[in-house]
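I have placed the structure first, in the form of structure tokens, so that the comments after it can refer back to it.
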Amino acid sequence: MNYYNDIKTLLINNEIYNKVKDYSKERNRVITYFEIGRLLNEAGKHYGVDIIGEYSNKLVLEVNKKYNKRTLFRMRQFYKLFSNEKVSTAWTQLTWSHVRLLFSFGIEKINYYINVSIERNLSVKELEYIIKSNEYERLPNKTKKKIIQNKNIGITDLVKDPIIIRNNKNYEIISENILQRLILEDISSFLKQLGNGFTFIDNEFKIKIGDRYNYIDLLLHELY
């Protein structure tokens, strides 16, 4: 079997596809890179680990300079990690840029971010942000298992611990009033920390209990 010619053909077809089929080129790229990763993995078993260096030298000259040794190594890494039967096959709905953010994670963490990326329709920057904010680590273990196993979850399952509030004005002392102000200044980010089940109604919402009036700091509405 001529692994190099098969890889070269796949890459050339992908380059052509990128120019013609804009609406689905990312999905095609991900699937193509996965298949190339498989071929590289098999070629390595037959011809040794240096085969990636040999192939990349040719592909840079014959197809595109972006197909260097580092890129081919990532494709093989992609295949070896995502061919694991425990990884959700939903990764085919993500872009290559999404997928690359997940390479260094374990199987359960990869599955979590695959599922939430699709469910929330996250951009690459949005996915990068929730990864950097350690969203997965801040969820209860029971919630992680439910999401990974595609089980039904309740609203409270998605509340992060701790909830991160951005201190954009660098307050040194955070009083209750300042904390409320910080939340209101970035209410969208705060709601995302709670999951997808709430919408903001009002702050200092006035209610009457018996003969006295009380105020709810933040009034949220449960969407489902």
Is it the case that some residue within segment 143-153 is in contact with a Pro (Cβ under 7 Å, 6 or more places away or on another chain) and over 28 Å from Tyr79 (Cα atoms)? no
Which of the residues belonging to segment 39-53 are in contact (Cβ under 8 Å) with a residue 40 or more places away in the chain and crowded, with 18+ Cβ neighbours inside 10 Å? Ala43, Ile51
It is to be established whether one or more residues within segment 133-151 are of a type in the set (Phe, Trp, Tyr), modelled with pLDDT of 80 or more, closer than 28 Å to Glu26 by Cβ and assigned to a helix (DSSP H, G or I). no
Checking Thr199 against (1) more than 30 Å from Asn115 (Cα to Cα); (2) in a strand (DSSP E or B); (3) at pLDDT below 85, only one condition comes out false. Which one? (1)
Residue check for Thr156: loosely packed, with under 13 Cβ neighbours inside 10 Å and β-branched (Val, Ile, Thr): yes
When segment 85-108 is examined, which residues are found to be open to solvent by 60 Å² or more (accessible area, probe 1.4 Å) and either assigned to a loop (DSSP other than H, G, I, E, B) or acidic (Asp, Glu) (or both)? Glu85, Lys86, Ser104, Glu108
With the structure loaded, tell me whether Ile174 is assigned to a loop (DSSP other than H, G, I, E, B), surrounded by 14 or more Cβ atoms within 10 Å (Cβ to Cβ) and not small (Gly, Ala, Ser) or whether it fails that test. no
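Here is a yes/no grid of residues against (1) open to solvent by 50 Å² or more (accessible area, probe 1.4 Å); (2) under 23 Å from His98 (Cα atoms); (3) in contact (Cβ under 8 Å) with a residue 12 or more places away in the chain; (4) polar (S, T, N, Q):
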residue: Ile7; (1), (2), (3), (4): no, yes, yes, no
residue: Ile16; (1), (2), (3), (4): yes, yes, no, no
residue: Arg27; (1), (2), (3), (4): yes, yes, yes, no
residue: Tyr55; (1), (2), (3), (4): no, no, yes, no
With respect to Glu119, is the statement that it is in a helix (DSSP H, G or I) and open to solvent by 40 Å² or more (accessible area, probe 1.4 Å) true? yes
May I ask you to say which residue of Leu182, Leu139, Leu127 is closer than 21 Å to Ile216 by Cβ and surrounded by 14 or more Cβ atoms within 10 Å (Cβ to Cβ)? Leu182
Per the list (1) of a type in the set (D, E, K, R); (2) more than 22 Å from Leu11 (Cβ to Cβ); (3) in contact with a helix residue (DSSP H, G or I) (Cβ under 9 Å, 6 or more places away or on another chain), residue check on Lys125 breaks on (3)
Can you find a residue in segment 152-168 that is in contact with a Phe, Trp or Tyr (Cβ under 6 Å, 6 or more places away or on another chain) and assigned to a loop (DSSP other than H, G, I, E, B)? no
From the set of residues in segment 49-79 that are of a type in the set (D, E, K, R) and touching a helix residue (DSSP H, G or I) at 6+ places or on another chain (Cβ under 6 Å), which is nearest to Thr92 (Cα to Cα)? Arg76
Hey, among the residues in segment 59-69 that are touching a residue at least 12 places away in the same chain (Cβ under 8 Å) and open to solvent by 80 Å² or more (accessible area, probe 1.4 Å), which one's farthest from Leu11 (Cα to Cα)? Lys69
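The values are calculated or read from the model by the stated rules, or taken from the named source; none is laboratory data. Computed from a predicted structure; not experimentally measured. Reconstructed Cβ throughout: ideal geometry from the backbone, glycine too, with neighbour counts over all protein chains shown. Side chains are part of the model used for accessible areas, which takes the heavy atoms of the whole protein and leaves out ligands, DNA and RNA. Shrake-Rupley method; radii C 1.70, N 1.55, O 1.52, S 1.80 Å.
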